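Below: one structure, written as structure tokens.
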Amino acid sequence: MAELKSSKLDAENARNEYNLFKSSLAQIGTIIVQNVIMLGFGMSLAIPTVVIGSLMSDDGVDDGGGTMTLTETEASWYGSVLLVCHPTGGLLSGVLQEIVGRKWCMALVSVPQLVGWYVLWRAGNAFDLYVSCVALGLSMGLSEAPVLTYVGETVEPRLRGPLSSVSTFTIMLGSFIAYLMSTVMPWRTVAMINMAVPVVSFAAVVLLTPESPVWLLSRNRPAEAKKSLAYLRGCVSTADVEDEFSELSIYAGFNKSVDLEQYVDCGIDQRRLSYVKYLQINTNDTTNAEIDILANQNQTGFLDTLKSFWTPELNRPFFFIMLFFFFWSFATFIPAKPYLIAVFSEIGLPCTAQWTLVYTSILTLVGTLLNVLTVAKLGKRPITLVSMALCAFSMLGIGIYMVSTTYFSFSSTWIPMILLNALFFFSGYGVFPIPWMLVSEIYPTKGRGIASGLTAALAFLMTFILTKSFLEMQEWFTLPGLFIVYGSITLIGTLYLYACMPETENKTLQDIEHFFIGDLDDYEDCNNLS
């Protein structure tokens, strides 16, 4: 019997090893395809900077659609309306994810995005610009949560970290493309070209992306869930994913009957196996009935999830990640994004503000790509702490330099250039992508869609408030003072994360959940898991 069991395990391990490359390729390909959506996100995020830089002047600019100008008040609204509409889209995405699924929620992003680019292309006044920002902001809010949720539910732990950071890299790539195009063509032409992105993303998601198996199980559609899982593991047959599907159904609260002995040392997803063990060790007759009720509740969807939101499994990671996003807003210097051309001009750099915009976006893009390549090896916690600290010191250094040029007649344009390079590189390397990666990991399966949507909504609501008030704060503190304020808050954020941020890389979702509900001993024990 032992020899028969050993042969079975050897055969299972050999099959998993043989399919490893094909499975990785399928998951990577699926995530890259759906991240065409995030390319449009990055372009949407960058376009106010391009338009404000062209129109916020005393003289009208003829851009092929007539002469337009923007006052300072109009510019502050145009630069921030995008961000205030993002939370609405984020909240809506939480509902849509539960109703129509992750796939179709991602597909629907293309509709408001296409409308936004078309209105911007045909804009004749400031009101048209606002309308385009409303549509683009809604599309941004709709896109983020389902993409992150999809990664958390479909990708194996060995790929989850790098693939969750692909979204941030694609956002940075979209912003870079928009900035680069703006150096050689009017902003109207940029908007017209960008209309192709939502069309391509809609076709890519509908034709090439399977629905999340976890969502399908929550809707009592196991046959479709099994086919989806088979596709994501390299287009294998459903019989090849039978064991993993059995675990996945338990992880999703769909089925609790399983013999753990058949999975030991079989190379099965450790994340789900951990959850199986947790259920079997910690479940008695009373909680058996509760788990059966939970399986039935999963089929009722949004309302039950909303009612059970304020549980330790959800609210503790929620408060942690919202504080992270508060400090993130300052560390990335994102409230200044619509006004970067004016900011770069005032700092005093050895090249024009427009080209500074291009090369700083390249640095951010390179930093994000480096994050994709190194996060699995180095871990999220050290990358975050080092990046936050260096962003803080960079902003403090720029502020102090600008004060010294005013009061001590000291000037060296290469000093702010180096500090600015460090700020944008390290914000792209660690600060910008890490909290979005955590959103796909720290929430439990039940409520993940709504929680991730609410998180994205509130994160950008904070960013809207800071962006809308940026010009007023600049008048109060001056630009050097604002750099010092932002740098100081980022430094405080570094200390907070040093005290409170867990390492989630290569940890199972159940281990992470134990940490946030106060099961610290179990979380420490997870370091010994292989």
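Looking at VAL206, VAL190, VAL197 in this structure, which one is under 27 Å from the mean Cα position of the chain (by Cα) and open to solvent by less than 10 Å² (accessible area, probe 1.4 Å)?
The match here is VAL190.
Matching residues to (1) assigned to a helix (DSSP H, G or I); (2) free of Cβ contacts under 8 Å to residues at least 12 places away in the same chain; (3) in contact with an Asp or Glu (Cβ under 9 Å, 6 or more places away or on another chain); (4) among the hydroxyl-bearing types (Ser, Thr, Tyr):
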| position | (1), (2), (3), (4) |
| --- | --- |
| LEU357 | yes, no, no, no |
| VAL372 | yes, no, no, no |
| ALA376 | yes, no, yes, no |
| ALA392 | yes, no, no, no |
| SER404 | yes, yes, no, yes |
| PHE410 | no, yes, no, no |
| PHE425 | yes, no, no, no |
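For the stretch 379-391, check the following and say yes or no: at least one residue is surrounded by fewer than 16 Cβ atoms within 10 Å (Cβ to Cβ), within 25 Å of the chain's Cα centre (by Cα) and basic (Lys, Arg).
no
Pairs please, first residue from the stretch 184-204 and assigned to a helix (DSSP H, G or I), second anywhere and open to solvent by 50 Å² or more (accessible area, probe 1.4 Å), Cβ atoms under 6 Å, 6+ apart in sequence or on different chains.
That search, which allows pairs on different chains as well, returns ARG188/GLY64; ARG188/TRP121; ALA191/TRP121; MET192/TRP121; PRO198/LEU114.
When the residues of the stretch 101-133 are narrowed to those that are open to solvent by 10 Å² or more (accessible area, probe 1.4 Å) and among the β-branched types (Val, Ile, Thr), which ends up nearest to the chain's Cα centre (by Cα)?
Among those that are open to solvent by 10 Å² or more (accessible area, probe 1.4 Å) and among the β-branched types (Val, Ile, Thr), it is VAL111.
Hey, does the stretch 311-320 have a residue that's modelled with pLDDT under 65 and open to solvent by less than 50 Å² (accessible area, probe 1.4 Å)?
no
Can you tell me how many residues in the stretch 151-175 are in a helix (DSSP H, G or I), more than 13 Å from ILE37 (Cα to Cα) and not polar (S, T, N, Q)?
Residues meeting the conditions: 10.
Out of the residues in the stretch 83-94 meeting the condition of being among the hydrophobic types (A, V, I, L, M, F, W, C) and at pLDDT 80 or above, tell me which one is surrounded by the fewest Cβ atoms within 10 Å (Cβ to Cβ).
The qualifying residue surrounded by the fewest Cβ atoms within 10 Å (Cβ to Cβ) is LEU92.
Among (1) touching a His at 6+ places or on another chain (Cβ under 9 Å); (2) open to solvent by 10 Å² or more (accessible area, probe 1.4 Å), which single condition is ILE177 missing?
(1)
Which one is surrounded by the fewest Cβ atoms within 10 Å (Cβ to Cβ) among residues in the stretch 321-352 that are small (Gly, Ala, Ser) and either under 22 Å from THR73 (Cβ atoms) or at pLDDT 85 or above (or both)?
Of everything passing the filter in the stretch 321-352, SER345 is surrounded by the fewest Cβ atoms within 10 Å (Cβ to Cβ).
Please determine whether any residue of the stretch 162-174 is touching a residue at least 60 places away in the same chain (Cβ under 8 Å) and open to solvent by 30 Å² or more (accessible area, probe 1.4 Å).
yes
The values are calculated or read from the model by the stated rules, or taken from the named source; none is laboratory data. Bear in mind that the values here come from a model prediction, so they are computed numbers and not experimental data. Reconstructed Cβ throughout: ideal geometry from the backbone, glycine too, with neighbour counts over all protein chains shown. Just so you know, the surface numbers come from the protein's heavy atoms only, side chains and all, with ligands and any DNA or RNA stripped out. Shrake-Rupley method; radii C 1.70, N 1.55, O 1.52, S 1.80 Å.
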